[in-house]
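Step one of this worksheet: look at the structure below.
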Amino acid sequence: MTLNLRVLSPNRVIWDSEVKEIILSTNSGQIGVLPNHASLVAAVDIGVMKIRLNGKWSTMAMMGGFAKIDSDRITILVNNAERDVDINPQEAQENFRIAKADLARAEGKRQAIEADLALKRARTRLEAINASPPVSKGLEPD
């Protein structure tokens, strides 16, 4: 059995295919989704989504949004997202370094909040390209 996963940003379709399982970062923690999952709507946090397809895991940096899970259909509307294979490691590392420096020099509450969000986004991009595959206990491989 598979899940139909669609990840959409305002200007493009990021993912649209069948998958075996996902692990999604929501505002209330991580959730794993397998076929026949209970229906729900969740706020997607800035974080890494893990996708299992054909016995292999891939990752995606998610920049916040909403997910609708309805049985075997998952639709995720995001502000932005990047697949691990589309992230340039050197650029991601440089963006992280700049975001850390910006947070250290932030003056005032607003600037600190914006710098903290930029750092969280930069860290998520690095995590997406450095993520190790999760361990599924009790699940058979594809």
Charge dipole (the chain, unit charges on Cβ, about Cα centre) - positive-most of ILE74, ILE98, THR124: ILE98
Between 0 and 90°, nearest 10: helix 89-104 axis offset from the chain longest Cα axis: 50
The chain, dipole about Cα centre (Lys/Arg Cβ +1, Asp/Glu Cβ -1), debye to the nearest 20: 260
Point-charge dipole on Cβ atoms (K/R +1, D/E -1) for region 3-84, about Cα centre, debye to 20: 100
Most to least packed among 51-60, 120-129, 79-88, 107-116 [average Cβ atoms within 10 Å]: 120-129, 51-60, 79-88, 107-116
Distance between modelled label sites at LEU117 and THR2, nm, 7 Å Cα→Cβ extension: 3.6
Surrounding net charge for GLU94, when Lys and Arg each add one and Asp and Glu each subtract one, Cβ distance under 14 Å: +3
Paramagnetic label zone (point 7 Å from Cα along Cα-to-C-beta, ASN36; backbone N under 15 Å) in region 1-19: 1-3
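Computed from the coordinates by the stated procedures, all read-outs in this text should not be read as laboratory data. Computed from a predicted structure; not experimentally measured. Cβ atoms come from the backbone with ideal geometry, glycine included; neighbour counts cover every protein chain shown.
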